[in-house]
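The values are calculated or read from the model by the stated rules, or taken from the named source; none is laboratory data. Since the structure is predicted, the reported quantities are computational estimates derived from the model, not experimental observations. Methodologically, a virtual Cβ is constructed for each residue, glycine included, from the backbone with ideal geometry; neighbour enumeration extends over all protein chains shown.
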C-alpha cells in the first residue's frame, strides 16, 4: 500500500471523526458488543485536539483515502478523546523518567492489516525517541493488541476503561523500551 504520512491539522477533524467511527464500529465488532462500541464512541474514543496542537498526531493517506491516524504524546493523558478529558491542563511528561504515550490509533476498515498501523507506529516511536523518551506505553483495545504485541509491546496490566453506563471496556496497558 502506497502511504503518505503527514501531521494532522485542525482542518482534518471532520475526516478524523468519520475515520474513528468507521474504524471502531467495523474493526471492534468481533471483540466488543454493539452497546460497548456505541458507549465507547460516545465517552472514550474521539479526536484529541491536544495531540494535533502538539504536532504529534499523524495521518496516513493512500491517494485520496484517509487510511489511518495515530499519535504519540509527551503529556500525562493515557487514552481518550476530548470528550473524556477533564478540564485540567494536560501536564507534560519528563522523558528522563516517564514513558511517552502512544495514543488514538485508528485504521480505515478497508485498509486494515495492510501496514497502515505499523507505518504510523514507526513514525511515533521515532519521534518519541528523538524527543528523549526511553520508554513508551499505551492502552490497547482488544482489536489493537495484536499489532502492538507483534511490534514488541508487552502487556503490563489488564484494564477496564470506565464508561458512563456503568460498563467497562476491556483493554490492556502495554509498554515497550525505545
Exercise. Inspect region 99-110 for any residue being surrounded by fewer than 18 Cβ atoms within 10 Å (Cβ to Cβ), touching a residue at least 24 places away in the same chain (Cβ under 8 Å) and within 25 Å of residue 63 (Cα to Cα) and give the result as yes or no.
Key: yes
Quiz item: Where residues in region 46-79 are touching a residue at least 60 places away in the same chain (Cβ under 8 Å) and part of a loop (DSSP other than H, G, I, E, B), which of them is farthest from residue 104 (Cα to Cα)?
Solution: 63
Quiz item: With (1) in contact with a helix residue (DSSP H, G or I) (Cβ under 8 Å, 6 or more places away or on another chain); (2) closer than 24 Å to residue 162 by Cα; (3) at pLDDT 95 or above; (4) in a helix (DSSP H, G or I) as the list, and residue 16 as the residue in question, which single condition is left unmet?
Solution: (1)
Quiz item: When you go through 160, 115, 152, 144 one by one, which is the residue that is farther than 22 Å from residue 93 by Cα and in contact (Cβ under 8 Å) with a residue 60 or more places away in the chain?
Solution: 115
Quiz prompt | Any chance residue 32 is under 18 Å from residue 162 (Cα atoms), surrounded by 15 or more Cβ atoms within 10 Å (Cβ to Cβ) and touching a residue at least 24 places away in the same chain (Cβ under 8 Å) | solution = yes
Practice problem: Check 160, 152 and return the single one that is in a strand (DSSP E or B) and in contact with a strand residue (DSSP E or B) (Cβ under 9 Å, 6 or more places away or on another chain). | Solution: 160
Self-check item: Condition check for residue 41: without any contact (Cβ under 8 Å) to a residue 24 or more places away in the chain, in contact with a helix residue (DSSP H, G or I) (Cβ under 8 Å, 6 or more places away or on another chain) and either part of a helix (DSSP H, G or I) or within 18 Å of residue 172 (Cβ to Cβ) (or both)
Solution: yes
